[in-house]
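Report on the structure given below.
The values are calculated or read from the model by the stated rules, or taken from the named source; none is laboratory data. Fair warning: this is a prediction, and the values are worked out from it, not measured in the lab. Note that we place each Cβ from the backbone using ideal geometry, even for glycine, and neighbour counts take in every protein chain shown. Please note that ligands, DNA and RNA were not included when accessible areas were found on the heavy atoms of the full protein model with its side chains. Shrake-Rupley method; radii C 1.70, N 1.55, O 1.52, S 1.80 Å.
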Amino acid sequence: MIQLVSIVLIAVLVAADQLIKMVVEDRLMPVGSADFIPGVIEFSYTENTGAAFSILENHTELLSVFTLLIILAGLAYLLSGKLKNKMLIASAIMVIAGGTGNLIDRIFRGRELFHGYVIDYIRLLFVDFAIFNFADCLVCIGAAMIIVYLIADIFKDSSDKKKGLKNG
């Protein structure tokens, strides 16, 4: 059952990402940018041919293959039923959905298949930071949750070993 719910959540998040990008393309591309919270956040239409921070710019094929492999591995693990921790399941859902949303862009946006770009639109004005999108938020939050889980698990294992030594 959790696998079905996970697939539905992934689909909903991917659909939300694509819908937001369609609205941004339709409404924001003609004007370039618009204030959302003046001095804090603006929406600014950008076509990113790279990954985060424009890493591997213009290497869409490589990024697409790498992203697809991560998505497929994540889906296989998620659907295997081996993931039991709710935080890890939520993390996997976010990473897979965000990766899928950006992969769809890379494959289908642009002049040629696999020579596309990702639409980025969120610009933080209070810090010098890359422009990003909803899918990027999903990937980053999901990855951060995985890291937090792993760090907590390391401390838990360490604590359990210390308790075992005291009791043994």
If you go through Ala90, Ala144, the only one that is at pLDDT 95 or above and over 20 Å from Val12 (Cβ atoms) is Ala144
The lone condition Ile93 fails out of (1) in contact (Cβ under 8 Å) with a residue 40 or more places away in the chain; (2) within 23 Å of Val127 (Cα to Cα) is (2)
Selection from the range 1-51 of residues in contact with a Leu (Cβ under 7 Å, 6 or more places away or on another chain) and over 26 Å from Ile93 (Cβ atoms) yields Ala34, Gly39, Val40, Glu42, Tyr45
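Yes/no matrix, rows are residues, columns are (1) of a type outside the set (Gly, Ala, Ser); (2) on the phi > 0 side of the Ramachandran plot; (3) within 18 Å of the chain's Cα centre (by Cα):
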| position | (1), (2), (3) |
| --- | --- |
| Leu9 | yes, no, yes |
| Val12 | yes, no, yes |
| Leu19 | yes, no, yes |
| Phe43 | yes, no, no |
| Thr46 | yes, no, yes |
| Gly50 | no, no, yes |
| Leu56 | yes, yes, yes |
Scanning the range 31-62 residue by residue, those touching a strand residue (DSSP E or B) at 6+ places or on another chain (Cβ under 6 Å) and open to solvent by 80 Å² or more (accessible area, probe 1.4 Å) turn out to be Asp35, Phe36
Within the range 1-30, of all residues that are of a type outside the set (A, V, I, L, M) and out of contact with any Ser or Thr (no Cβ under 9 Å at 6 or more places or on another chain), the one most open to solvent (accessible area, probe 1.4 Å) is Arg27
Selection from the range 77-103 of residues among the hydrophobic types (A, V, I, L, M, F, W, C) and open to solvent by 60 Å² or more (accessible area, probe 1.4 Å) yields Leu79, Met87
Of (1) over 24 Å from Phe129 (Cβ atoms); (2) touching a residue at least 40 places away in the same chain (Cβ under 8 Å), Leu68 fails just (2)
